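These notes are about the structure you will find just below.
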Amino acid sequence: MEWGGGINLGDFLVAAAPYGGPLALTRDETKFTKTQHAGKPLIFIFSSSGRKIASFKWTSGFLLSLGWSRSEDLVCVQEDGAVLLYDMFGTYQHTFNMGQEVKDTHIQSAQVFTSHRETGVAILSKSNRIFMVNNVYEPKTRKYPDIPGGGVECWCVVREERHTNVLVSQGRDLLLLNHIEQRPQALYPEWNEAGGCIVEMAVSTNSRHIALLSDSGKLWIGSSDIRIKYCEYDAKSQVKPKQLAWCGTGAVVLLWDMTLEVVSVNGDATSYYLDSTSHLVQEVDGVRVLGSITHDLLQKVPLVVTETLGIGSMAPGALLLEAAKGFQERSTRANDCLGMIKDAMEEAVNQCLQAAQHEYCPQAQKMLLRAALFGKSFIPEMNPELCKKTIFTLRVLNAVRDYRVGLPLTWNQLEHLTLPVLLDRLVFRRFFPLALQIASFLKLPESDGTSRILAHWACYKVLQPSQKSDEQIAKEINSKLGYTPGISYTDIANRADQAGRKQLAIKLIEYECRAK
């Protein structure tokens, strides 16, 4: 991490956006003694590589929770029910409130959650009532059925296609709340030994699976409707973990101070020992482990990688890789391996391409891509676009994984996110040259690709302090933009005028060719 080793994450509220997005950190006020002259806390925003993007002073009320929206806006929830949104550069967007009742009773805890298209906020008030907003950009508060008397141990949001449910643990009782139903529904997970109190729960990113942890250290893993039990595991610890999270959909991760325990849905467990206090970030295909010194991705090795690179593997992809190596070394084993896969050459090529997609080391990617291209030369009718697309997409992934960009995406995450969305994120982060390359490869229309990116670059350019004269800046912008279709010099001039650079605006407007 570029921030160095001086940050103890245990002292901070941490929020990390999925898909390798930005990190937000602010001092956790509950872990410090309040003093009369304590200053207002700062909120720091970093890239995933620890490179500082922005910081701003929190001047509002008591900050209870942080989260990120799908469009990478920071969602800040206050104790009085006010929810404030900022972009990743710390620019204020808008505020909404969770309602008068929440304002009067205040919030115990809050959760920011994302669905396929939207970002919502759910809160548990100090009067033990659940309120929810399903879309932070079009807030409409919904009140859920009252929870029967007694405290709430833990709770979580479970998204379904048409509505959002809330699971609440009241010690030995597990309740399902839905805003349509008037009463909570009791659920009964099948434990090997009954009588445990559920103290922690976590839902997988796709909302189909859930993990429940009891106070005796028993971990129950099953479907999110509690009807199907996959396994039950004894963590042999009655100390409540700091975090419980899903690693993709195949395992659950328990995080204590310096220990990480990974439990698969089959009940197999593996332990890891960490070098600093860490924070877990769920992803669609793994879990990120954010530490003071390093930022790691923990995921199950894809089967195609095991088959292609496993020692002694006889899969078509493994034999093609061996044949390609033998061919480079001018060895007769190339012919032997090719003879074994002559009827499965297309499968072998696809395996090498898929294995390259899941590799992170550029040298390993190149080795597998060479093998795929070598195998493809024996199948002239095979579509060449598949190889071209894989090579280009890996180039994009390697570029955005660079610490200067700080977007550590996996192939599967990029498939979920899509290249056009990645393009938008690069433009917003001001990585314009990389965005132009992607737009060119995708053959996007000028209005969605080159024109839009250059217009964003020009608007950013006029806001930056410079020792150059206004005339030089205007000429520089014109030399890049020319008269590209879709470019409006008026819009750029307006942006300069809003920033108080009237002379620059006048110079820019001289390049506007539309009389109106």
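Backbone amide hydrogens, once placed in the peptide plane, bring Lys300 within less than 5 Å of nothing, excluding anything fewer than 5 places away on its chain. Here's the list of aspartates and glutamates a cross-link from Lys325 could span, going by alpha-carbon distance under 15 Å and ignoring same-chain residues fewer than 8 apart: Asp336.
State whether segment 240-312 is rounded, prolate or oblate according to the following rule on the C-alpha gyration tensor (a ≥ b ≥ c being the square roots of its eigenvalues): a/c under 1.5 gives rounded; otherwise a/b larger than b/c gives prolate, and the remaining case gives oblate. In terms of gyration-tensor shape, prolate. Couplings 3J(HN,Hα) of segment 473-480, computed from phi: 5, 4, 5, 4, 5, 5, 5, 7 Hz, in residue order, whole Hz [Karplus 6.51 cos²θ - 1.76 cosθ + 1.60, θ = phi - 60°; x for Gly and Pro]. Note that segment 173-221, at 4 °C in a medium of 1.567 mPa s, gets a Stokes-Einstein diffusion coefficient of 107 µm²/s from its Kirkwood radius over C-alpha pairs. Taking the Cα centre of the chain as reference, the dipole from Cβ charges on Lys and Arg (+1) and Asp and Glu (-1) amounts to some 1520 debye. Taking a ≥ b ≥ c as the square roots of the Cα gyration tensor eigenvalues, the chain comes out oblate, since a/c reaches at least 1.5 and a/b does not exceed b/c. In loop segments of segment 190-252 as defined by DSSP, the chymotrypsin sites (Phe, Trp or Tyr not before Pro) with at most 16 further C-beta atoms inside 10 Å of their C-beta are Trp191. When Rg and the Kirkwood Rh are both derived from Cα coordinates, the Rg/Rh ratio for segment 298-384 amounts to 0.96.
Taking amide H as placed 1.01 Å from N in the peptide plane, the amide H of Asp28 sits under 5 Å from that of Phe12, Leu13, each at least 5 places away or on another chain. Among 7-19, 147-159, sorting by the average number of other beta carbon atoms lying within 10 angstrom of each residue, highest first, gives 7-19, 147-159.
With a ≥ b ≥ c taken as the square roots of the eigenvalues of the C-alpha gyration tensor of segment 89-129, please select rounded if a/c is under 1.5 and otherwise prolate if a/b is larger than b/c or oblate if it is not? Verdict is oblate for segment 89-129. Averaging 1/r over each pair of different alpha-carbon atoms in segment 46-149 and inverting the result gives 14.2 Å, the Kirkwood hydrodynamic radius. In a reduced charge model with +1 at each Lys and Arg Cβ and -1 at each Asp and Glu Cβ, segment 418-516 shows a dipole moment near 180 debye about its Cα centre.
Please name which of Leu274, His358, Leu84 has its Cα lying farthest along the dipole of the chain towards the positive end, using unit charges on Cβ (Lys, Arg +1; Asp, Glu -1) and the Cα centre as origin. Sorting the options by dipole projection puts first Leu84. Packing, taken as the mean count of other beta carbons within 10 Å per residue, orders the peptides 395-407, 363-375, 264-276 from highest to lowest as 363-375, 395-407, 264-276.
Phi angles across segment 444-451 convert, under the Karplus curve 6.51 cos²θ - 1.76 cosθ + 1.60 with θ = phi - 60°, into 3J(HN,Hα) values of 6, x, 3, 5, 8, x, 3, 4 Hz, Gly and Pro given as x.
For the chain, the residue among Asn383, Ser331, Pro302 whose Cα projects farthest onto the positive side of the dipole built from Cβ charges is Asn383. Across segment 216-221, computed HN-Hα scalar couplings (Karplus, 6.51 cos²θ - 1.76 cosθ + 1.60, θ = phi - 60°) run 8, x, 8, 10, 9, 10 Hz from first to last residue, x flagging Gly and Pro. The residue among Cys156, Leu124, Pro184 whose Cα reaches farthest toward the positive pole of the charge dipole of segment 93-193, with charges on the beta-carbon of Lys, Arg, Asp and Glu, is Leu124. Against the empirical curve 2.2 N^0.38 Å, the C-alpha radius of gyration of segment 396-499 lands at a ratio of 1.18. Which percent of the Cα-Cα distances in segment 1-102 go past 22 Å? Tail fraction, whole percent: 30. Taken about its Cα centre, segment 348-445 carries a charge dipole of about 300 debye when Lys and Arg each add +1 at the Cβ and Asp and Glu each add -1 at the Cβ. Give, as a single signed number, the net charge of other residues whose beta carbon lies under 13 Å from the beta carbon of Ala194, with Lys and Arg counted +1 and Asp and Glu -1. My count for the surroundings of Ala194 gives -2.
Counting only protein heavy atoms and using a 1.4 Å probe, the accessible area of Lys388 comes to about 120 Å². Per residue of the chain, the DSSP helices (runs of n ≥ 4 H) give a summed -39500 (n - 2.57) that works out to -9000 deg cm²/dmol at 222 nm. When nucleic acids and ligands are ignored and a 1.4 Å probe is applied, Thr418 ends up with an accessible area of around 60 Å².
The values are calculated or read from the model by the stated rules, or taken from the named source; none is laboratory data. The shown structure was predicted, so the numbers you read here are calculated from the model rather than taken from an experiment. Glycine gets a Cβ as well: all are built from the backbone with ideal geometry, and neighbour counts include every protein chain shown. Note: accessible area is taken over every heavy atom of the protein model, side chains too, but ligands, DNA and RNA are not part of it. Shrake-Rupley method; radii C 1.70, N 1.55, O 1.52, S 1.80 Å.
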